[in-house]
Amino acid sequence: MLATGAARKRGKPASGAGAGAGAGKRRRKGDSFGDKGKSKGGGKMNEEISSDSESESLAPRRTEEEEEEELEETAQEKKLRLAKVYLEQLRQQEEEKAEAREFEEDQVAGRLKEDVLEQRGRLQKSVAKEIQAPDPADIRILRGHQLSITCLVVTPDDLAIFSAAKDCTIIKWSVESGRKLHVIPRAKKGAEGQPPGHSTHVLCMAISSDGKYLASGDRSKLILIWEAQSCQHLYTFTGHRDAVSGLAFRRGTHQLYSTSHDRSVKVWNVAENSYVETLFGHQDAVAALDALSRECCVTAGGRDGTVRVWKIPEESQLVFYGHQGSIDSIQLINEEHMVSGADDGSVALWGLSKKRPLALQREAHGLRGEPGLEQPFWVSAVAALLNTDLVATGSHNNSVRLWQCGEGFRQLDLLYDIPLVGFINSLKFSSAGDFLVAGVGQEHRLGRWWRIKEARNSVCIIPLRRAPRPPAAGS
């Protein structure tokens, strides 16, 4: 053992040439071993494989060390990494909340924008192009009046219809079932102790926007106020000197406007059962009246050929000219635009800022009579779906016509003809625009110039179906 240790000590400091010689001896020995292997075949190959395996055995050790270093680094930065992930999640949640808030704000802003446009009278929803052609087989006919229907109204909830006729009765109908809910019978003149009612032709009706009050006016100069739900009589307003031809409640209030063949416009407060004031200006019997939420109303002046806008607080009026004949019907489309019809066969669209019609459709329902002596069919009724571009007109040419108002109410395009035989004396859209109600009679509501024997004195409910919207691309 000592000898061996001494030999090791002596061999340890060996370096330089001796070390190189020793290496050379080992290399030559290896070479000779390689030659032996080579003579046996594939020895050199074996040497290359062994050297590769040695390098490969060293490489994984370096990778494992790097991985250990990475693991040690991740462990050190784990809290920081988790904190970053948590902050990223918070950021994403805040972004989602912000998007949701923006969406809600957009919806609120859109609603506010609609409200502002509605108040300014510039709201025009595009509805007419979605309406499908009504099927005549789907029209429901409600019969109960003995004489021609003169006027009708639809309750704000679209559940009931009130109709009145030349037989002096008022009938409340259920829209869903078509049955009579209540009948206000004719009152006999001079008879005492009888239920209240009308003794002459009922020419006009109006219902308050909350559905609480119903007002009806007749040829005997009276305005009767009813509780709409129970049809109980509440008040009777007197003061007009001729037939009451038009009634309208101001939306959102119980203020009532009335007009008459005595050429006046009167203002009433129904809730307080009181008269407010009277306005004058028309030069002939006033034929119709309408109002919305502003403290003003519009009237059709009949044979004086004017449409007038009455500003109640200022006690002033705006006068509009455009029709050549007697203007018998009028309705507001929004706060700034209206539609009117006349016995010269024309339908006009008006803007309150223009004294002339924005659009005028002549011979809206065609011509009648022998060749060379043709006369236009009178436009006896008009209706407009509030704040939209959809308008309906009626005459006695056996049809109700639906029209689309163009951009800015400067054009009127015919959409559909709905066959109905008789005089169309009144038209009203439901609040939701799901149906149109027509009051049909054998005679015109204001006279007996013609009589269509084959017509039925009835209330007709015309369903309005909208075309389904096309699916979005890629759905």
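The values are calculated or read from the model by the stated rules, or taken from the named source; none is laboratory data. Remember, it's a predicted structure, so these values are computed and weren't measured experimentally. A quick note on method: Cβ atoms are made from the backbone with ideal geometry, for glycine too, and the neighbour counts reach across all protein chains shown. We work out accessible area using only protein heavy atoms, side chains counted, and drop any ligands, DNA or RNA first. Shrake-Rupley method; radii C 1.70, N 1.55, O 1.52, S 1.80 Å.
Were the residues from residue 413 through residue 78 laid out at 0.36 nm apart, the gain over their Cα-Cα distance would be 113.4 nm. Assuming a ≥ b ≥ c are the square roots of the Cα gyration tensor eigenvalues, decide whether region 135-463 counts as rounded (a/c under 1.5), prolate (otherwise, with a/b larger than b/c) or oblate. Note, shape of region 135-463 comes out rounded. With a cut-off of 13 Å between beta carbons, the residues surrounding residue 367 carry a summed charge of -2, where Lys and Arg count +1 and Asp and Glu -1.
Please report how far the C-alpha centroid of region 393-469 lies from that of region 241-274, rounded to the nearest whole angstrom. Region 393-469 and region 241-274 have Cα centres separated by 26 Å. Across region 241-249, computed HN-Hα scalar couplings (Karplus, 6.51 cos²θ - 1.76 cosθ + 1.60, θ = phi - 60°) run 9, 8, 3, 7, 10, x, 9, 7, 8 Hz from first to last residue, x flagging Gly and Pro.
When a 1.4 Å probe is rolled over the protein heavy atoms, the share of accessible surface on region 244-347 that falls to carbon and sulfur comes to 40 percent.
Among residues other than residue 309 with Cβ under 12 Å from its Cβ, the summed charge is 0 (Lys and Arg +1, Asp and Glu -1).
Per-residue packing, averaged as other Cβ atoms within 10 Å, sorts the ranges 271-277, 363-369, 86-92 into the order 363-369, 271-277, 86-92, beginning with the highest. For residue 182, the residues 5 or more places off, or on other chains, whose built amide H falls under 5 Å of its own are 172.
Rounded to 0.05, the FRET efficiency of the residue 373 and residue 284 pair, given R0 = 22 Å and the Cβ-Cβ distance, is 0.25. Annotation: per residue accessible area for region 135-463 equals 40 Å², rounded to a whole number [probe 1.4 Å, protein chains only].
Note on residue 89 and residue 140: the extension gain reaches 12.4 nm, defined as 0.36 nm multiplied by sequence separation minus the Cα-Cα distance.
Across region 201-213, rounded Karplus estimates of 3J(HN,Hα) from the backbone phi angles (6.51 cos²θ - 1.76 cosθ + 1.60, θ = phi - 60°) give 3, 7, 9, 7, 9, 8, 10, 5, 5, 8, x, 8, 10 Hz, Gly and Pro being marked x.
Projected label points at residue 233 and residue 176, each 7 Å from Cα along the beta carbon direction, are separated by 3.1 nanometres.
Here the extension length gained between residue 454 and residue 103 equals 120.7 nm, from 0.36 nm per residue of separation less the Cα-Cα distance.
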